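Report on one structure; see the data block that follows.
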Amino acid sequence: MNAETKTKGRSVRSRIFTAFLLFGAIMLVILWVFQVQFLDQFYRMIKSHAVKNAAVSIQHVLEEPNYKEEIETIARKNDLCVSILNNELSEIYTSNRRDPRCMIDKLKQSEINSIYEEALANGGNAQRFITTDETSNRPMNEKPPETELPFQSDDMIKKDKGLQNMTYASVIKNEADNALVVLVNAQISPVDATIETLRTQLIIITIILFLLGMLLAYNMSKKIARPIIAVNQKAKQLAKGNYEVNFHGNEYREISELNDTLTYAAEELSKVQQLQRELIANMSHDLRTPLTMISGYGEMMRDIPGENTPENIQIIIDEANRLTHLANDILDLSKLQAGIQKLQLTECAISELIKQVVDRYSKMLEKETCCIEFEYDKSCYVQADEVKITQVIYNLINNAVTYCGEDHLVLVKQIDQEQTVRIEIIDHGAGIPQNELPYVWERYYKSKQHHKRSKTGSGIGLSIVKSILELHQAPYGVESTIGTGTCFWLELPKIKKDSKTAV
């Protein structure tokens with residue numbers, strides 16, 4: 001898909017903007033519900049709880065000599081009206097008698113009896129709510145005397161909720177099994193005006209918070225989305241092949257880490273592109289040379305009498321074989337990397353296998369000055385695919401021969417370890433720089449310090465070695481020092497000859 005194609009769906013900025021607005025709306029709804037809808041219920045619940053606690057406190061001070069002063073203090077502190085009755089429901093003591101809001105004096109004897117019986121039935125406690133006229137302070141269902149003009153008509157009383165009074169009764173029995181009745185009365189102030197005030201305030205606050213929320217959401221979404229948009233724009237340039245793009249920005253830790261990752265990816269892609277260019281150049285070089293020689297010797301044998309000699313024909317055959325090896329190696333590497341080839345694990349006499357490869361290679365180098373030596377203490381056996389491990393040893397020796405030093409010596413070592421057999425192929429050539437070591441296993445990678453055409457290899461031998469050893473899950477590596485030489489090594493699981501089981 002084209003990178004410029006716009007994808008469907010909402011942008012990050014719009015999602016953040018919506019999230020902030022939704023959060024603000026939820027908070028405003030919660031304020032409305034608790035400050036307006038449930039304010040009256042909360043107030044009644046808190047007031048009822050305070051009245052009950054005051055009644056309990058009064059019960060505790062009744063046995064004290066100065067209980068009247070204590071009751072007066074409790075009543076004034078909680079804005080209550082308190083009356084103490086004996087078991088015959090006759091008044092013993094009343095506080096705040098002069099308070100016109102006190103409903104205890106206005107209760108009929110039948111109502112007191114009813115509250116008392118209800119308290120006995122409920123385990124000693126009972127409470128009632130009475131709605132009174134705000135002006136006359138009578139119960140709403142009680143008509144005024146004929147001699148007293150009502151301050152409110154019946155229609156007005158129906159429309160007006162009036163004042164709420166709560167009367168709480170608590171029955172106490174002493175040691176003589178005589179009952180005392182504690183009556184506590186409290187006026188529950190109407191909250192209609194408070195609710196209306198809060199409603200008006202909340203309307204204004206809602207409008208202000210909505211505008212501020214939109215402004216805050218817009219700025220926050222813009223600030224958060226800006227680095228993401230910048231990264232997206234630069235990533236599009238990276239997708240177009242511009243590996244010089246620099247990702248930067250430290251506004252947020254996650255964005256900074258993403259920028260570092262993309263910068264690293266751009267650097268690695270640039271290296272891959274450079275390797276591809278070198279691959280094309282190297283492949284062109286290794287293909288052009290044998291083709292040129294085949295074409296040149298063929299034309300010479302055709303045009304010049306007496307040049308049709310076995311030596312010239314052998315040169316053409318050798319160059320043709322070089323092309324065949326190159327094609328076969330590329331095919332083998334493609335199969336290995338694609339996972340098509342499977343291992344045929346067997347008991348492999350690794351010492352004998354290495355000697356065969358060294359002998360075969362030594363015969364090819366009879367006319368050369370290079371010498372291959374194989375050092376080992378005893379014959380060892382490993383669990384491996386013999387054909388593919390032979391190819392690994394051959395390619396590593398071929399690489400060492402190609403880049404051997406002035407001593408023209410390649411040393412192959414077999415080291416018997418506790419659970420594995422370690423094989424080292426050492427040359428004393430120019431060495432490989434440390435910064436290039438991670439790339440020697442790449443397909444057709446060649447050091448910048450030296451590039452010479454291999455006499456027998458295809459140029460991708462180390463890539464084949466890497467793929468085969470990874471297929472075996474075998475450890476491998478390379479160590480090199482400039483001016484001293486290079487050591488390629490690998491380890492294979494050892495088999496005990498007597499039991500033939502893997503350690």
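The values are calculated or read from the model by the stated rules, or taken from the named source; none is laboratory data. On a predicted model such as this, the values are computed, not experimentally measured, just so you know. Cβ: placed from backbone, ideal geometry, glycine included. Neighbour counts: every protein chain shown.
Being touching a Pro at 6+ places or on another chain (Cβ under 9 Å) and surrounded by 12 or more Cβ atoms within 10 Å (Cβ to Cβ), is that true of even one residue in region 51-71?
First, pick out the residues of region 51-71 that are touching a Pro at 6+ places or on another chain (Cβ under 9 Å): none.
No, region 51-71 contains no residue that is touching a Pro at 6+ places or on another chain (Cβ under 9 Å) and surrounded by 12 or more Cβ atoms within 10 Å (Cβ to Cβ).
For region 87-97, indicate whether the set of residues that are farther than 14 Å from residue 169 by Cβ, assigned to a helix (DSSP H, G or I) and either modelled with pLDDT of 85 or more or not acidic (Asp, Glu) (or both) is non-empty.
No: zero hits.
Suppose we filter region 208-236 for residues that are aromatic (Phe, Trp, Tyr) and either touching a strand residue (DSSP E or B) at 6+ places or on another chain (Cβ under 6 Å) or at pLDDT 80 or above (or both); how many remain? Give the steps one after another, and end with the answer.
Filtering region 208-236 for residues aromatic (Phe, Trp, Tyr) gives 210, 218.
Filter once more, keeping what is either touching a strand residue (DSSP E or B) at 6+ places or on another chain (Cβ under 6 Å) or at pLDDT 80 or above (or both): none.
Number of matching residues: 0.
Tell me yes or no: at least one residue of region 296-304 is modelled with pLDDT under 80 and either of a type in the set (A, V, I, L, M, F, W, C) or assigned by TED's automatic domain parsing to the domain that holds residue 391 (or both).
Residues of region 296-304 that are modelled with pLDDT under 80, as a first pass: none.
No, there is no match, as no residue in region 296-304 is modelled with pLDDT under 80 and either of a type in the set (A, V, I, L, M, F, W, C) or assigned by TED's automatic domain parsing to the domain that holds residue 391 (or both).
Residues of region 403-416 being within 26 Å of residue 472 (Cα to Cα) and either in contact with a Ser or Thr (Cβ under 7 Å, 6 or more places away or on another chain) or at pLDDT below 90 (or both), which ones? So that I can check it myself, show each step before the final result.
Within region 403-416, the subset within 26 Å of residue 472 (Cα to Cα) is 410-416.
Across region 403-416, the qualifying residue is only 414.
Looking at 356, 383, can you tell me which residue is surrounded by 12 or more Cβ atoms within 10 Å (Cβ to Cβ), at pLDDT 90 or above and of a type in the set (S, T, N, Q)?
383
Restricting the search to region 77-90, which residues are surrounded by 15 or more Cβ atoms within 10 Å (Cβ to Cβ) and over 16 Å from residue 118 (Cα atoms)?
78, 79, 80, 81, 82, 83, 84
Being buried (at least 19 other Cβ atoms within 10 Å of the Cβ) and modelled with pLDDT under 85 narrows it down to one residue among 461, 431; which is it? Even if it seems obvious, please write down each step before you answer.
Values: 431 fails: modelled with pLDDT under 85.
Answer to the selection: 461.
Which of the residues spanning region 59-80 are in contact with a Phe, Trp or Tyr (Cβ under 7 Å, 6 or more places away or on another chain) and among the basic types (Lys, Arg)?
68
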